[in-house]
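Notes follow once the structure below has been shown.
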Amino acid sequence: EAADGARFVQESGPETEDAKRRLLAELDEAAPPSAPLASSSSGLMPTTLQEMCARRPERVLVGHPFNPSYLIPLVEVVPGARTERSVVDETLRFYTALGKRPVLVRREVPGHVTNRLQAALWREAYSLVERGVATVADIDTAVSEGPGLRWALLGPLVNQHLSGGPGGMAHTLEHLGPPAQRWMDDLGTPQLTPALAAALVRGVDEELAGIDQERMVTDRDELLIQLIEEKRRRRSLT
């Protein structure tokens, strides 16, 4: 009934292939043929999701919001092999009309774009803990009190460009490219073993000891709202 007469359908069921298969098949039957069918999947490929929809696979794609989705503007739009261009365009317009900031992922890759960027940072954070280079708390501080403040305003590549002054990105790459390549060559490739997982859990528990985590979430959300509103008022940051 919820999909009957809908102009756009957003599927946000459990992130398992069996659950997606059942739900998408039902939505494909129930929703009007003209309605795009977007899945919030963060891990399944849109072409795989299309195979679950026998009626109109060409209207299926991924529309992946970012947590907390009730605040964060980002939505990744990922078409599959059979997604029609008109469906992609309608999906981008729909999210934009809601005040979201959709980005189009032009090729299917595991994790789409944003989770891959997160995973790259997590991988090195885990490695630094495993190698005894820094504590969990110090790694969090290094990000939240350092580049994370700039990343909240502008992306990593624009920030890199601004670091180059008048010479921009070209100057940054010329002067920092060689050492950055050495750093990248030395990045870790940790395996999330039980011992490493236990060290990460223990480190976060120690970092948050005595802190009201419900209050932390409330404060985080309030500051996110203020930041998003302020960014929208400053056109150079949007």
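The values are calculated or read from the model by the stated rules, or taken from the named source; none is laboratory data. Please read these numbers as outputs of a predicted model, since none were measured by experiment. Reconstructed Cβ throughout: ideal geometry from the backbone, glycine too, with neighbour counts over all protein chains shown.
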Task: Given (1) modelled with pLDDT of 95 or more; (2) within 26 Å of residue 154 (Cα to Cα); (3) crowded, with 17+ Cβ neighbours inside 10 Å, index of the condition residue 87 fails - done: (2)
TODO: Among the residues of region 125-158, count how many are polar (S, T, N, Q) and over 23 Å from residue 224 (Cβ atoms).
DONE: 2
Open item on the list: Given the criteria in contact with a Pro (Cβ under 8 Å, 6 or more places away or on another chain) and exposed (fewer than 15 other Cβ atoms within 10 Å of the Cβ), does residue 7 qualify?
Closed with: yes
Open item on the list: Filter region 134-167 down to the residues that are surrounded by 13 or more Cβ atoms within 10 Å (Cβ to Cβ), polar (S, T, N, Q) and under 30 Å from residue 211 (Cα atoms) and list them by number.
Closed with: 135, 141
TODO: Check 210, 188 and return the single one that is part of a loop (DSSP other than H, G, I, E, B) and more than 28 Å from residue 123 (Cβ to Cβ).
DONE: 210
- [ ] Kindly provide the set of residues from region 36-52 that are surrounded by 21 or more Cβ atoms within 10 Å (Cβ to Cβ) and in contact with a strand residue (DSSP E or B) (Cβ under 6 Å, 6 or more places away or on another chain), ordered by number.
- [x] 37, 38, 39, 41, 46, 49, 50
Task: Unique residue being out of contact with any Phe, Trp or Tyr (no Cβ under 7 Å at 6 or more places or on another chain), at pLDDT below 95, over 18 Å from residue 94 (Cα atoms) and not in a loop (DSSP other than H, G, I, E, B) when the list is 26, 15 - done: 26
Open item on the list: For region 142-180, give me each residue that is of a type in the set (A, V, I, L, M, F, W, C) and within 30 Å of residue 220 (Cβ to Cβ).
Closed with: 142, 143, 149, 151, 152, 153, 154, 157, 158, 162
